[in-house]
Amino acid sequence: MTTTADRPLRVPHKATDEPEGVGSPGERPIGYGSLRRKEDPRFIRGKGRYLDDMLLPGMLHGAVLRSTVAHARLVSIDTTAALAHPKVKAVITGKDLEPLNLAWAPTLSNDVQSVLVTDKVRFQGQEVAFVIAEDAYSARDALELIDVEYDVLPPVINAKKALDPGAPIIRDDLEGRTDNHIFDWESGDKEATEKVFAEADVVVTREVLYPRVHPAPMETCGAIADYEPVDGKLTIYTTTQAPHAHRTVYALVSGIPEHKIRIVSPDIGGGFGNKVGIYPGYVCAVVGSIVTGHPVKWMEDRSENLMSTSFARDYHMHGEIAATRDGKILGLRTDTLADHGAFNGTAQPTKYPAGFFHIFTGSYDLQAAYCKVTGVYTNKAPGGVAYACSFRVTEAAYLVERMVDALAIELDMDPAELRLRNLLKPEQFPYTSKTGWEYDSGEYEKTLRLAMEMAGYDDLRREQAEKRERGELMGIGLSFFTETVGAGPRKHMDILGLGMADGAELRVHPTGKAVVRLSVQTQGQGHETTFAQIVAEELGIPPEDIEVVHGDTDQTPYGLGTYGSRSTPVSGAAVAVVTRKVRDKARLIAGAMLEAPPEDLEWEKGRWFVKGDPDKSKTIAEIAMAAHGTVALPEGVEANLEAMTTYDPPNLTYPYGAYICVVDIDGGTGQVKVRRFVAVDDCGTRINPMIIEGQVHGGLTDGVGMALMEIIDFDEEGNCLGGSFMDYLIPTAMEVPAWETGHTVTPSPHHPIGAKGIGESATVGSPAAVVNAIIDALRPLGVDDIDMPCTPSRVWHTMADAIARSSAKSGAGTAGGDGEDASAPKQAGASGSAQSGSAQQAGIQTGEGGGADPDDAG
Amino acid sequence: MQVTMTVNGVEVTREVEPRRLLVHFIREDLRLTGTHWGCDTSNCGVCVVLVDGTPVKSCTMLAASAGGHEVRTVEGLEQSGKLDPIQDAFMEKHGLQCGFCTPGMMLTSRALLDANPDPSEDEIREAISGQICRCTGYSTIVRSVRWAAEQEQKARDGESAAGSTADEGTHETADHETAGATA
Ligand code: FES
Ligand code: FES
């Protein structure tokens, strides 16, 4: 048996720039510290058990027929030929679901969503029919045998036209609908903000688009439904980030009593918010299992994943920032249009239809702020909160950090200097923002200064100045973000009426080993390791002696699951609290064993000892054995050593960070190269620094992806243009740099262990740094704005337009070529203006070799 | 039609539809589910296996075309209870999170190290550039491959037999950060 005596109780966390080296096994931490992950031995052997790896006896396979058009009335569905396929067992359509009351299902935002179409399709890729066959190939074959007739309607694709009078009404299924409006929502003080803006020296305005993107986990979504008619038990194995919430929703929707439903979430190949919702395919698998009497598996393919499951963002933000001439930021304002697609399916706390977007005041001390968000329906896939966004903090952080840079341009001030002048000061915490958030703790300036030091900020600026002399395009971009995560206090936050609290249960076995049961669900974040480390830290038994159980509603306490970076802030707190309960109980038992009053005992990691007599002590293992044995227990103390708790967070936590991105842009092609990326994060107490670093790296890659290449776009007819990995580009190892990370530690004062959460910080914070760097690189050409994704084509056109503008300004007569082509960089480059001179030096050219409009494929 | 190939050193013969993809043959007919399936367009690489030692996207190859060839999957990395150094390295350097891309990444890395025992960071990035990882951001994969290369070099030098020991419990690893300041 490993005992705590075998090795030091805690290895202090090392912060080193030395990426190599393994601590000897004797230095393994009992508690916090970098530690190999407990889940890895199965993954590196190919023994992970993901949904599609599961094979149940007699299992059938489902496939979804999807709409080919964005908006159309359904005229007819003919399934005769499909049903005649020898391997097809059943074909389900909306007509079959209607009598079961399952043709429509509630979304997570109190809207309804079509499961299988009954009246009309509302986005391309919408679920039309479900085929069940003996094998997956046959199910797919049969899809092609189904004949669907549509009466095509004009679609609403551009969110800005959704509210036009006369726009086609998408949701005519909803009683009394006369437009595509979903909600208006506001936060902050409108009048106070107007006053601040009216009196400000400087007001800068930008149209900031956060395009529709997709979380695209490497494993797509799916479910296996297994209905057992004899005892009426429904087991659903599924890729879910929130098993308990799913169970409740299935019970409410299907009428199957909740105690007869078991949700099992096996290993998940990435989630990022994509696996929060319940998709029509899952419901069809359940119906399929009930109808056929066999387990039914439905596993979507990549195109289905990209075209129909939860997208993210799609926020059109009109931003305004007000400041004094010397750079004191006074106010922020936004009027935002939110494109929610055909059904309002965002997964967010009920009271917050725009999520936590109103944290858009960021990390700055303002006099006033106001935001207004309008949600609209369009003929696109539903969703909206996904892709590591912390309930829209992503959009908020992007907006404010773009606006601060726009202000820096206007004031001709260094963006780092402008931020340093306006960041909240340590003594202002806890800080109540102008939109009502209570920031828990922060030492912002220290974090930004560390990032600047790591990046060598002043040297970078010098290098940039030299490069500009030579006409090279180098940019340095900053962002400083504040997250709000760990939703939430249950009195304010619920999803479909379910309060956002999480349970934990800890049992210490007689031999001193333990099992901890969680309501949250890992998708790669390493919960089996991190949560064992929390128990280890609090109880002093080694992490390898602690089994972490999660992902099975029959085996774990209730809770709302993993998204919005809430696992460590909520469930981590639950685990710390439940472990302390066990420790307190162990104290009473130790008192009985040592014949000392419990208040005379002192805790040292792993044991209770008598104050002033440290040799008189009992380890947790000894106490556990006694608790399960025959030792006379004190009055009121039950046998065994276990406890349960449900944690209701008193407040959210506020992780933050300072990011600096360095880019080089090829003036000839518009290709952006992210040369360096420095990220300093503060997530409070750090449980496993290795895992934290990994979380940050992944998020930074998301950020570069969104900034440079990721977009789910549509043509005018509503055809999805991002429906495969040929079109929806994700960074490979070639497009991202070796990440440079650092950290500061400012614990959360209200969290039991001071941890704030890290899962989404980098996704939230990084896109603005990249885009700010790109604009910074293009400043010599007169560029002061660009939208994501900054593909080579977009960057090239932005450069060309800027050059054309400056040529026009400096007089068309000086343009070297024919006026027709004034926008082409070559001609502009030939003009005498300073800007276009730089452009020419930067290698921007057309004509042989460089003339073609570079494609996005770069 | 009948197809015969060697998979992880074992000869297998199966009846397959001519259109059956190698990835489905491996996963479903052989039940070797460590090889994954992640896209419809041969872009993601979670399905990579080694065919005669070369990384191949098994979703891009028909099972029938693999007839007569030697296929190696992630399940074939561990030999006689001994982990391949690349497996140990991915655990040591946190080269995986959700684990979905990991089998393909490890196999490509294995093939790289077999061809080039001392690859540079750029060579490693290039080698895995046909595969997507949505979780790690690649730096830790690069570090894993470098670490495996070093372990293998050490083993070759006979300095130590480090690498694939049976002890894969919870080791302390160094903090990988480039810099840090703790309040
Ligand atoms: S499954 Fe994506 S490349 Fe093979
Ligand atoms: S570890 Fe999740 S995709 Fe690579």
Does residue B:60 meet the test of being at the interface with another protein chain (Cβ under 10 Å from one of its Cβ atoms), within 14 Å of ligand 1 (Cβ to nearest atom) and not small (Gly, Ala, Ser)? no
Is it fair to say residue B:48 is within 20 Å of residue B:135 (Cα to Cα), away from chain A (no Cβ under 11 Å), β-branched (Val, Ile, Thr) and within 16 Å of ligand 2 (Cβ to nearest atom)? yes
Residue check: is residue B:105 within 12 Å of another protein chain (Cβ to nearest Cβ), within 14 Å of ligand 1 (Cβ to nearest atom), under 18 Å from residue B:147 (Cβ atoms) and among the aliphatic types (A, V, I, L, M)? yes
When segment B:20-42 is examined, which residues are found to be without any contact (Cβ under 8 Å) to a residue 40 or more places away in the chain, within 9 Å of ligand 1 (Cβ to nearest atom) and facing another protein chain (nearest Cβ under 8 Å)? B:37, B:39, B:40, B:41
Do you know which residues across segment B:89-110 are part of a loop (DSSP other than H, G, I, E, B) and either within 12 Å of ligand 2 (Cβ to nearest atom) or without any contact (Cβ under 8 Å) to a residue 60 or more places away in the chain (or both)? B:94, B:95, B:96, B:97, B:98, B:99, B:100, B:101
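Residues are listed down the side, and each one gets a yes or a no for (1) within 14 Å of chain B (Cβ to nearest Cβ); (2) in contact with a helix residue (DSSP H, G or I) (Cβ under 7 Å, 6 or more places away or on another chain):
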position	(1), (2)
A:447	yes, no
A:451	yes, no
A:472	no, no
A:476	no, yes
A:485	no, yes
A:492	no, no
A:495	no, yes
Unmet criterion (only one of (1) within 16 Å of ligand 2 (Cβ to nearest atom); (2) in contact with a strand residue (DSSP E or B) (Cβ under 9 Å, 6 or more places away or on another chain); (3) not hydroxyl-bearing (Ser, Thr, Tyr)) for residue B:21: (1)
Go through (1) more than 10 Å from every other protein chain (Cβ to nearest Cβ); (2) of a type in the set (Val, Ile, Thr); (3) in contact with a strand residue (DSSP E or B) (Cβ under 7 Å, 6 or more places away or on another chain) and name the single condition residue B:54 misses. (3)
Of the residues that sit in segment B:111-134 and are away from ligand 2 (no atom under 16 Å from the Cβ) and without any contact (Cβ under 8 Å) to a residue 12 or more places away in the chain, which one is nearest to residue B:70 (Cα to Cα)? B:115
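Go over the candidates A:746, A:732, A:741, A:763 one by one and state the one that is hydroxyl-bearing (Ser, Thr, Tyr), at the interface with chain B (Cβ under 8 Å from one of its Cβ atoms) and in contact with a Gly (Cβ under 7 Å, 6 or more places away or on another chain).
A:746 is the lone residue from the list that is hydroxyl-bearing (Ser, Thr, Tyr), at the interface with chain B (Cβ under 8 Å from one of its Cβ atoms) and in contact with a Gly (Cβ under 7 Å, 6 or more places away or on another chain).
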Quick check on residue A:163: is it over 22 Å from residue A:212 (Cα atoms) and either in a loop (DSSP other than H, G, I, E, B) or in contact with a strand residue (DSSP E or B) (Cβ under 6 Å, 6 or more places away or on another chain) (or both)? no
Pick out the one residue from B:81, B:67 that is more than 9 Å from chain A (Cβ to nearest Cβ), at positive phi and away from ligand 2 (no atom under 16 Å from the Cβ). B:81
For residue B:90, all conditions in the list (1) within 11 Å of the chain's Cα centre (by Cα); (2) away from ligand 1 (no atom under 15 Å from the Cβ); (3) under 30 Å from residue B:14 (Cβ atoms) hold save one; what is the number of the exception? (3)
Before we move on, is residue A:755 in contact (Cβ under 8 Å) with a residue 12 or more places away in the chain, closer than 21 Å to residue A:486 by Cβ, more than 11 Å from every other protein chain (Cβ to nearest Cβ) and surrounded by 20 or more Cβ atoms within 10 Å (Cβ to Cβ)? yes
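Hey, can you tell me all the residues within segment A:631-660 that are at pLDDT 95 or above, more than 30 Å from residue A:244 (Cα to Cα) and in a loop (DSSP other than H, G, I, E, B)?
Of everything in segment A:631-660, just one residue is at pLDDT 95 or above, more than 30 Å from residue A:244 (Cα to Cα) and in a loop (DSSP other than H, G, I, E, B), namely A:637.
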Inspect segment A:781-794 for any residue being hydrophobic (A, V, I, L, M, F, W, C), part of a helix (DSSP H, G or I) and over 22 Å from the mean Cα position of the chain (by Cα) and give the result as yes or no. yes
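The values are calculated or read from the model by the stated rules, or taken from the named source; none is laboratory data. Since the model is a prediction, treat every value here as computed from it, not as a measurement. Counting neighbours? That spans all protein chains shown, and the Cβs are built from the backbone with ideal geometry, glycine included.
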